[in-house]
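Derivation of every value follows stated rules applied to the coordinates shown; laboratory data play no part. These numbers come from a predicted model, not from an experiment. A quick note on method: Cβ atoms are made from the backbone with ideal geometry, for glycine too, and the neighbour counts reach across all protein chains shown.
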Ligand SMILES: Cc1ncc(C[n+]2csc(CCOP(=O)(O)OP(=O)(O)O)c2C)c(N)n1
Ligand SMILES: [Mg+2]
């Protein structure tokens, strides 16, 4: 393979270096420095290894054997950042942190070639790659505390702040965590990424925690090469725009000694004071942005040449040659020997097996163990861990409203499991806008029930960090509409972790979301969001939609158990309009209340994921519905039944995965299905329900009523666009006629 200018520049420049007098490798590589010659040599090897992986990636790409090449060339001084940390410090890495990864691999005592092999298998998308198993090229390893990151830039910063928070919180609560008690989180990212809302969330969350005196040991590392794809970052921006409450350290990545010393100072600050810091590492970008990028289209030759002259490999080579630790010939020899070996390993990696079936690809998506979940969900506080005493009589309680049932279930779950945290906006002191978390702060304390600052990305980032750290987060999103500006934290982060780590890392969570419409004239669109489309198509995510108090209690137990047992990511959609509803048919009938069972009855009341609930056994019509639609449909069914029609109502209860077997059964028994869907006509739940019936070969009649493709307006005008009881009744009569 022809050598490109980065390679020839390196070898030509090294050849011209003037060797210094030989020196003892045990001594500082430069007078007075913290880096010994021997350690510098080790880091140089990691730097060379990382560079040669980029060379190999080009070769593999040319041969059509690599599928995602984004290199680390120019950023290799991040090896010194790894060296300043411990291999047990949880790391969330930028896609250019290759030398960091190789250094950590060596630090953990793995053979020198192990890290190289990992990366090459990632490039070639081999099923043998140790973290993503051919699903993506990421830096990650279960034994190196490197949590794999997707390619959505900056989306990992909220989680990083969450991991730092969780290191300390798990220790304080005595909950076992994968991270040592004195660990710090490290999180690297690029300079363009530093502008992203999710980056700002991560930095702000850490600063906000520290400002309140909370321990928040996270080291952010901005690898600043001055450009993002083709767009220059204004000179000095990273320093100018840094968060004023984050301790700031900076280093020139050309100089490995300076980088190591700055990283040591920064890491020491974070570890000792348990406070966040930003390490600003100035780098260059060599070999273009990624894959097929042709830099010359948007950068001048002078700019490219200026970066070449600041190749960090040259910086370290010069250091070693001037210190008399290597001659120029020895540097070149080291380069060539490793080059040949890496290319050899690349050839081997290209021949390793790939993923060959959809089953293989999807295996780690959401491996479910329903029996284990049923056992877990039935385990009440009487067998509580850590000797918690349960202070409740063994009889059924209530009857309770939906809000009370959720509150009661949360309290029982928290009493039984000390790893559960409840947090969000206004959930602690106020007890939630609708009182759902009332009393939890008093009972379980501020360590487990707390108000966050006002940022949904931060709330979910805390959950992501807590989830990978041994805790079981139950964050609340105050209104469904507010989930959407943070949705990537579920879509891109939470849902993908098991997939891209083959289950090595999991972020269990139960995200409670108050949602849906029908708030009788209150609030308008943002308090009456009736769209769940953006949640339902995320592979592996469980979407629970309880309508009645007894279902809410059982389903919440199921979600918590599934999160604990299988690392499940669950979104628990609570219909606001039904929180305090008491009646079903007429005032005072208490038809929407339900008794709350004692733990001894939880096994028999268990609701598995993906099982619907049926009301009635009529053979003329099945009304398929959920949420607010259930109450309206039950009222319609009572009227139709009184007229002699055989009507059954099916509450889906789970919007993902849909209870397809129960649905098809109800359809086949009646031959007529009416879908009563309070979400919007386009992209709403009814589309999937109808298609599930068609997919199953159902040949009977299907009709649907849904809300309009509109936002929900203020006041009584809301009723003009929302699914109504009258809509359901009219459509049902038409089907029955
Ligand atoms: C949220 C998001 N938007 C856009 C992109 C496309 N993208 C990938 S890398 C990149 C530039 C990032 O630049 P920087 O943060 O400076 O990192 P560098 O590549 O320079 O190391 C962009 C825009 C992305 N991956 N994610
Ligand atoms: Mg950049």
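Things worth noting here:
- Mean-position separation - Cα centroids, the range 680-707 and the range 11-26, in angstrom: 73 Å
- With N as its number of residues, the range 504-562 has a Cα radius of gyration that, divided by 2.2 N^0.38 Å, comes to 1.34.
- Length added when fully stretched, residue 537-residue 59, from 0.36 nm per residue minus Cα-Cα: 168.4 nm
- Shown here: the chain, whose C-alpha atoms stretch 102, 53, 45 Å along the first, second and third principal axes, sorted largest to smallest.
- Most to least packed among 286-295, 84-93, 249-258 [average Cβ atoms within 10 Å]: 84-93, 249-258, 286-295
- Cα gyration tensor shape of the range 95-249, rounded if a/c is under 1.5, else prolate or oblate by comparing a/b with b/c: oblate
- The range 1-137 shape via C-alpha gyration tensor axes, a/c threshold 1.5: oblate
- Rounded tilt (10° steps) of 456-467 against the dominant C-alpha axis of the chain: 80 degrees
- Fully extending the segment from residue 229 to residue 681, taken as 0.36 nm per residue of separation minus the present Cα-Cα distance, adds 158.7 nm.
- With a cut-off of 17 Å on the backbone N, the residues of the range 628-649 near the modelled label site 7 Å out from residue 737 along Cα-Cβ are 640, 645.
- In whole angstrom, the range 635-724 maps to an equivalent ellipsoid with semi-axes of 24, 18, 10, each derived as √(5λ) from the alpha carbon gyration tensor and ordered largest first.
- Across the range 246-338, the convex hull enclosing all Cα atoms gives 156 Å³ per residue.
- Taking label points 7 Å from Cα along the Cα-to-Cβ direction, residue 128 and residue 691 give a separation of 3.9 nm.
- If the convex hull is drawn through the Cα atoms of the range 569-723, its volume per residue in Å³: 150 Å³
- Length-normalised contact order of the range 435-537 in % [C-alpha pairs under 8 Å, at least 6 apart]: 27 percent
- Computed from the C-beta positions of residue 397 and residue 661 and an R0 of 35 Å, the FRET efficiency is 0.60 to the nearest 0.05.
- With Cα atoms, 0 to 90° folded angle of helix 37-62 axis to the chain main axis: 60 degrees
- Alpha-carbon centroids, the range 600-663 and the range 250-266: separation in whole Å: 63 Å
- Separation of the range 89-153 from the range 409-487 is 32 Å, based on Cα centroids.
- The range 482-626: C-alpha gyration tensor shape, a/c 1.5 cut-off, then a/b vs b/c: oblate
- Among 605-616, 30-41, sorting by the average number of other beta carbon atoms lying within 10 angstrom of each residue, highest first, gives 605-616, 30-41.
- Per-peptide packing, taken as the mean over residues of other Cβ atoms within 10 Å, places 592-604, 400-412, 227-239, 554-566 in the sequence 554-566, 400-412, 592-604, 227-239 from highest down.
- Taking 0.36 nm per residue of separation and subtracting the current Cα-Cα distance, fully stretching the chain between residue 239 and residue 454 would add 74.8 nm.
- Helix 660-670 and the longest principal axis of the Cα set of the chain meet at an angle near 20°.
- Adding -39500 (n - 2.57) for every DSSP H run of four residues or longer, then dividing by how many residues the chain holds, sets the calculated 222 nm ellipticity at -12000 deg cm²/dmol.
- Relative contact order of the range 173-289, pairs being alpha-carbon contacts under 8 Å that are 6 or more residues apart, as %: 32 percent
- Percent RCO, i.e. relative contact order, over the range 559-653, from Cα pairs under 8 Å lying at least 6 residues apart: 26 percent
- Label zone (residue 172, point 7 Å along Cα-to-C-beta; backbone nitrogen cut-off 13 Å) within the range 451-482: 451-452.
- Kirkwood Rh, Cα atoms: Rg over Rh of the range 378-521: 0.98
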